[in-house]
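Worksheet for the structure shown next.
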Amino acid sequence: MLLDFVEKLDFNSDYFDLYKISNNAYGAISKKNSGMGGNAGFVDLGNFSIIIDTTLNDGAAKDLQKAVIHYTGKEPKIIVTTHFHMDHIKGNTVFDSSTLIITSHRTLKNIETENPKRIEDIKNTDPEEVAKMEEALKTEQDQEKKKEIENNLLYIRSIQAEDFSLRGADVSFEQEVILHGEKLTVQLRTVQKAHTDGDVIIYIPDEKVLFAGDLLFARTDPWLGSGDPEGWVSLIDKELLKMDYQVVVPGHGQIASKNEFEVEKKYIKEIMELANKYMDAGEEPTKIKREDFSEELQSWKSPILEWNTTFLTEHLKKHEN
Ligand SMILES: [Zn+2]
């Protein structure tokens, strides 16, 4: 662990490793291939506790709820949603209406307009495709691939379940909300369009802690296709690097220090430059390869590189016209 004050806790979950990152803040970091999707976390404000994101997986959300009760002695009172992507909000359904969900106006708007389409698509998954996945599950020898198929099937089935309905948000805000606990003050703030339109950061100045949601993918390709890559770079420069904190819980990847934003910025700038270079040479940016990046970024392994190059091809064509 890069940061010596971060303590890995002895909490048993198939989905995440749990870290105490300051006196009152905890980061739940998704285990590889666990089906949890995004990372999550929670904070003990004294008289109440909050959860940050509930992940893609109901099992992970239930473990998170258990961890909150175990380490803070209280049921979570508030869930803060960092953005509308399903791998950060689907677990909301695990919590009943006694836990309030709060996010930015723009994220709530995205939840209400974008997510129903995604849910409809999954509900309408071709049964033949599902049958193929079930078949592949029986024959697949590679344990990692097998787990991946299993996770996908579980996700599709949970969305197709008759009683499934996504919990959105109960409270939304324009710019900023401050939570005043007995022992801690927590700031919820929305920023300019970057990973998505309406991203929320959770900042605890007294403990120098930042929960960045998917504004930080720590040492793994950040998904650019839901937001504004140029806006993201400028947000990192103008705001995220200038704030005062020692530890960041990213939306994906391991517990991080501020420097990881520099690395992420480098990736976004490089992939944009590469995409432009390919376009200028009359080639599709979909041909961008890992080896095209500077050395530090070449060892990353994520299917998101391919999604990004596909997205950038369209993105740059639009700008040309
Ligand atoms: Zn996301």
Part-to-part distance (alpha-carbon centres) for segment 38-73 and segment 138-156, which is given in Å: 27
Selection from 69, 172, 298 lying farthest towards where the dipole of the chain points positive, charges on Cβ: 69
Separation in nanometres of the label points that stand 7 Å from Cα toward Cβ, at residue 133 and residue 118: 1.5
Residue among 14, 221, 58 with the largest mean-square fluctuation in a Gaussian network model of the chain, springs linking Cα atoms under 10 Å: 14
Relative exposure of 89, 268, judged by other C-beta atoms within 10 Å (fewest first): 268, 89
Hull shadow area, averaged, segment 1-57 [alpha-carbon convex hull, nm²]: 4.3
CD proxy at 222 nm, helix term only [per DSSP H run n ≥ 4: -39500 (n - 2.57); per residue of the chain; nearest 500]: -11500 deg cm²/dmol
Local electrostatic count, residue 121, Cβ distance below 13 Å [Lys/Arg +1, Asp/Glu -1]: -1
Magnitude of the charge dipole, segment 269-320, Cβ model with Lys/Arg +1 and Asp/Glu -1, debye to 20: 160
Gained length - residue 66 relative to residue 4, 0.36 nm times residue gap less alpha-carbon distance: 19.7 nm
DSSP-defined antiparallel bridges as percent of all bridges, the chain, nearest 5: 65
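For a protection proxy built on the mean count of beta-carbon atoms within 10 angstrom, sort 17-23, 274-280 highest first, please.
Listed from highest to lowest mean packing, they are 17-23, 274-280.
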Estimated distance in nm for a label pair at residue 270 and residue 244, the labels positioned 7 Å out from Cα along Cα-to-Cβ: 3.3
Candidates 45, 153, 235: whichever shows maximal mean-square fluctuation once the chain is modelled as a Gaussian network with Cα springs under 10 Å: 153
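Quick check on the exposure proxy: order 126, 63 from fewest to most C-beta atoms within 10 angstrom. All intermediate terms of the calculation are to be shown ahead of the outcome.
On the way: 126 8, 63 24.
Placing the least packed residue first, the sequence is 126, 63.
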Segment 172-181 - phi-based ³J(HN,Hα) in whole Hz, Karplus 6.51/-1.76/1.60, Gly and Pro as x: 9, 9, 7, 10, 8, 9, 10, 9, 9, x
Proxy reagent accessibility, fewest Cβ within 10 Å first, across 105, 195: 105, 195
Distance (nanometres) between label positions extended 7 Å along Cα→Cβ at residue 182 and residue 31: 3.5
Residue-count net charge about residue 13 - beta-carbon cut-off 9 Å; Lys, Arg +1, Asp, Glu -1: -1
Relative contact order [Cα under 8 Å, 6+ residues apart], the chain, whole percent: 14
Gain upon complete extension [residue 230, residue 163; 0.36 nm per residue less C-alpha separation]: 20.1 nm
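Where a number appears in this text, it was derived from the coordinates with a stated rule and is not lab data. Everything numeric here is computed off the predicted structure, so don't read it as measured data. Note that we place each Cβ from the backbone using ideal geometry, even for glycine, and neighbour counts take in every protein chain shown.
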